[in-house]
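Asker: Before I ask anything, here is the structure I am working with.
Where a number appears in this text, it was derived from the coordinates with a stated rule and is not lab data. These figures come from a predicted structure and were not determined experimentally. All Cβ positions, even for glycine, are placed from backbone atoms using ideal geometry, and neighbour counts span all protein chains on display.
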Amino acid sequence: MSKVTDEVRGHKFDGIEEFDNPLPRWWLGIFYLTIAFAIVYVPYAHMMEGNSLEAEWAADMEAAKALAAKQKIDWSNTELKTFCAAGDGWKTSAAANFKAKCSACHRADGGGGVGPAFTDDSYLHGGTLKDIAEVITDGVPAKGMIAWKGQMKREEIRDLTCYVSALRGQKTATPPKAPQGTKVGPDGGPLP
């Protein structure tokens, strides 16, 4: 512990004398250690090859691209039809996802609210299974629908696509929202 010496600096401000006491040695020791650490750390973290912020950013971008590629919707209509028709293993999880994520805008029975109804033959962005999957994945920001690709797995989006498609032609508890968009045929393509 350093000895406290009350050395007056020789000037006053508003009647207050200023003292010049040395800082404690332990405090100065910590201060000098942080300076030494900074002298070593800054070149290591920011200038050494492989440790630079640019290299870290490039690695993060590659990881993000790999994740985006995994989540990319690359199913064809045929693949989606085959999956949806193969069984109903997707129904329970898709119904839960629809209720949690979609029912606020499209009602729990798919009859439409803020968003369009799924129970009629009219679609705003195409009625094929691939169109439905793309709308769920990428959203429709102009209409207020968020993109679910960052919040749902590919398989969940695929299951939800089947579920939304299965709502077509279903009866609702209350009258559904008026049809919006283009009327489509049984395969989801536009009618002539």
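Asker: Given +1 on the Cβ of Lys and Arg, -1 on the Cβ of Asp and Glu, and no further charges, what dipole in debye does region 8-70 carry about its Cα centre, rounded to the nearest 20? Don't skip to the end; give the middle numbers.
Answerer: On the way: 5 positive and 9 negative charges, 29 e Å.
Roughly 140 debye, rounded to the nearest 20.
Asker: For region 75-183, taking Cα atoms only, what is the radius of gyration to one decimal and the Dmax to the nearest whole Å?
Answerer: Values for region 75-183 (Cα only, Rg and Dmax): 12.8, 35 Å.
Asker: With each pseudo-label sitting 7 Å past Cα toward Cβ, what's the HIS11-LEU53 distance in nm, one decimal?
Answerer: So the two model labels end up 3.9 nm from each other.
Asker: From the residues GLY110, MET47, ILE16, which one has its Cα farthest along the dipole of the chain in the positive direction, the dipole being from +1 and -1 charges on Cβ of Lys/Arg and Asp/Glu about the Cα centre?
Answerer: The one lying farthest along the dipole's positive direction is GLY110.
Asker: Starting with the fewest neighbours, write out HIS106, HIS46 ranked by other beta-carbon atoms found within 10 Å of each beta-carbon.
Answerer: Ascending Cβ contact count within 10 Å gives the list HIS46, HIS106.
Asker: Using the Cβ atoms and a cut-off under 11 Å, what net charge is assigned to the surroundings of ARG9, where Lys and Arg are +1 and Asp and Glu are -1? Walk me through the numbers before you get to the answer.
Answerer: Details: positive: LYS12; negative: ASP6, GLU7, GLU17, GLU18, ASP20.
Summing Lys and Arg as +1 and Asp and Glu as -1 gives -4.
Asker: What residues of region 121-163 lie in the reach of a label at LYS65, counting those whose backbone N is under 20 Å from a point 7 Å from the Cα along Cα→Cβ?
Answerer: Under cut-off, by backbone N: 150.
Asker: Please list 127-140, 147-160, 166-179, 13-26 highest first by mean number of surrounding beta-carbon atoms within 10 Å per residue.
Answerer: Highest mean packing first, the order is 127-140, 147-160, 166-179, 13-26.
Asker: Considering the values [x] 20.3; [y] 17.1; [z] 22.0, which represents Kirkwood radius over Cα pairs in Å as calculated for the structure under consideration?
Answerer: Computed from the coordinates, Kirkwood radius over Cα pairs in Å corresponds to [z].
Asker: If I take R0 = 45 Å and measure r between the Cβ atoms of ASP121 and TYR44 in this structure, what FRET efficiency does the formula 1/(1 + (r/R0)^6) give, to the nearest 0.05? Kindly include the intermediate steps, with their values, before the conclusion.
Answerer: Working: r = 64 Å, r/R0 = 1.43.
Efficiency for this residue pair is about 0.10.
Asker: Among the listed pairs LYS149/LYS171; LYS153/LYS183; LYS99/LYS177, which are separated by more than 27 Å between their Cα atoms?
Answerer: Details: LYS149/LYS171 29 Å; LYS153/LYS183 30 Å; LYS99/LYS177 18 Å.
Cα-Cα > 27 Å for LYS149/LYS171; LYS153/LYS183; rest within.
Asker: Could I ask something else about it? Just to confirm the filter: which GluC sites (Glu not before Pro) across region 25-93 are DSSP coil and have at most 13 other Cβ within 10 angstrom of their Cβ? Intermediate results must be reported in sequence, preceding the final value.
Answerer: Numbers: sites: GLU49, GLU54, GLU56, GLU62, GLU79; in loops: GLU49.
Taking region 25-93 and a limit of 13 other Cβ atoms within 10 Å, the loop GluC sites (Glu not before Pro) found are GLU49.
Asker: Membrane-span-like helices in the chain: DSSP H runs reaching 24 Å or more (Cα, own axis), mean Kyte hydropathy at least -0.5?
Answerer: The answer, listed by residue number, is 25-46, 53-71.
Asker: For a quick check, take a GNM of the chain with Cα springs below 10 Å and name the residue from TRP90, TRP75, TRP27 with the largest mean-square fluctuation.
Answerer: Judging by the Gaussian network model, the answer is TRP27.
Asker: Assuming R0 = 22 Å, can you tell me the calculated FRET efficiency for the pair THR182 and THR82, based on Cβ-Cβ distance, to the nearest 0.05?
Answerer: Details: r = 25 Å, r/R0 = 1.14.
FRET efficiency, THR182 to THR82: 0.30.
Asker: Further, regarding this structure: Based solely on its DSSP helices, what 222 nm [θ] is calculated for the chain when runs of n ≥ 4 H residues each add -39,500 (n - 2.57) and the sum is averaged over all residues, nearest 500 deg cm²/dmol?
Answerer: Details: 7 runs with 85 residues, N = 192.
Calculated from helices alone, the mean residue ellipticity at 222 nm is -14000 deg cm²/dmol.
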